[in-house]
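Shown next, in structure tokens, is the structure this report addresses.
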Amino acid sequence: YDIVYYARVSKNKGVEDLIKAIHILKKTNPLISAIIIGGGTDSYIKYITDLILSLDLKDSITFAGFQKTQQDVFKLAIQAKVYVLPTHFDGVPGSIRESMFMRIPVIANAVGGIPSLNDIKECVTLVEAHNITDLVAKIELVLDNEERTQQLVQNGYELIMDKYDNEKIYKNFIDIYKDVFLIEQ
């Protein structure tokens, strides 16, 4: 797959934006492929399935649906070249951190805490929220510019190993506890 989306399948997570972007991308890249992983309400899943069919994307988008385990999700996700999450609002989604750990390049809307992942080095390709044209351009950039993409993958992996390493988190909590305890005395 060129693209993987794994998150709750809902309007707020931007799955419709991704489908519309793939429809545009297919005009210049007829072989583009994507997999959508995740569950949602029956009515919304039907809506998304109908949207895929109406845009003639049945051969371009595989809808894998809800997976029983996180490992099942990861086994599918790792088959893709890029993770795309055009979420409309969010903190720092776990799926972005997981993708960085799996060394999958990430494209996400610049909402909530997501831009903070680029505070030290660029790790995530950011997209203007609700901007399908920008989403298309960023997907093309990541798929076409291998050197840039590999640098972002490396930056993201280093960030995730540094910021979310359990030993470092534990040490930070101990340091905070010591600081608070010393202030109260």
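The values are calculated or read from the model by the stated rules, or taken from the named source; none is laboratory data. Everything quoted here is computed from the prediction, not taken from an experiment. Heads up, the Cβs are rebuilt from the backbone with ideal geometry, glycines too, and the neighbour counts pull from every protein chain shown. Calculation scope for accessible area: heavy atoms of the full protein, side chains included, ligands and nucleic acids excluded. Shrake-Rupley method; radii C 1.70, N 1.55, O 1.52, S 1.80 Å.
Going residue by residue through region 138-156, is there one that turns out to be of a type in the set (D, E, K, R), over 28 Å from Phe89 (Cβ atoms) and either in contact with a helix residue (DSSP H, G or I) (Cβ under 7 Å, 6 or more places away or on another chain) or at pLDDT below 70 (or both)?
Taking region 138-156 first, the residues of a type in the set (D, E, K, R) are 138, 140, 144, 146-148.
The next check asks that each one be over 28 Å from Phe89 (Cβ atoms); those that pass are 144, 146-147.
Imposing the further condition that a residue be either in contact with a helix residue (DSSP H, G or I) (Cβ under 7 Å, 6 or more places away or on another chain) or at pLDDT below 70 (or both) reduces the set to none.
Within region 138-156, not a single residue is of a type in the set (D, E, K, R), over 28 Å from Phe89 (Cβ atoms) and either in contact with a helix residue (DSSP H, G or I) (Cβ under 7 Å, 6 or more places away or on another chain) or at pLDDT below 70 (or both).
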I'd like to check something: does region 84-92 contain any residue that is at pLDDT 95 or above, under 18 Å from Tyr6 (Cβ atoms) and of a type in the set (S, T, N, Q)? yes
Do we have any residue at all in region 2-21 that's surrounded by fewer than 21 Cβ atoms within 10 Å (Cβ to Cβ) and touching a Gly at 6+ places or on another chain (Cβ under 6 Å)? yes
Report yes if some residue within region 112-126 is in contact with an Asp or Glu (Cβ under 6 Å, 6 or more places away or on another chain), of a type in the set (D, E, K, R) and either over 13 Å from Leu85 (Cα atoms) or surrounded by fewer than 20 Cβ atoms within 10 Å (Cβ to Cβ) (or both); otherwise report no. no
From the option list Asp72, Asp56, single residue qualifying as exposed (fewer than 13 other Cβ atoms within 10 Å of the Cβ) and out of contact with any Gly (no Cβ under 7 Å at 6 or more places or on another chain) is Asp56
Condition met for Lys58 (in contact with a Leu (Cβ under 7 Å, 6 or more places away or on another chain) and within 19 Å of Leu31 (Cα to Cα)): no
Hand me the list of helices (runs of 4 or more DSSP H) wholly inside region 2-97 holding 1 or more residues that are over 17 Å from the mean Cα position of the chain (by Cα) and over 16 Å from Val142 (Cβ atoms). 15-28, 42-54
Please verify whether Ala64 is open to solvent by 40 Å² or more (accessible area, probe 1.4 Å) and out of contact with any Phe, Trp or Tyr (no Cβ under 7 Å at 6 or more places or on another chain), treating the condition exactly as stated. no
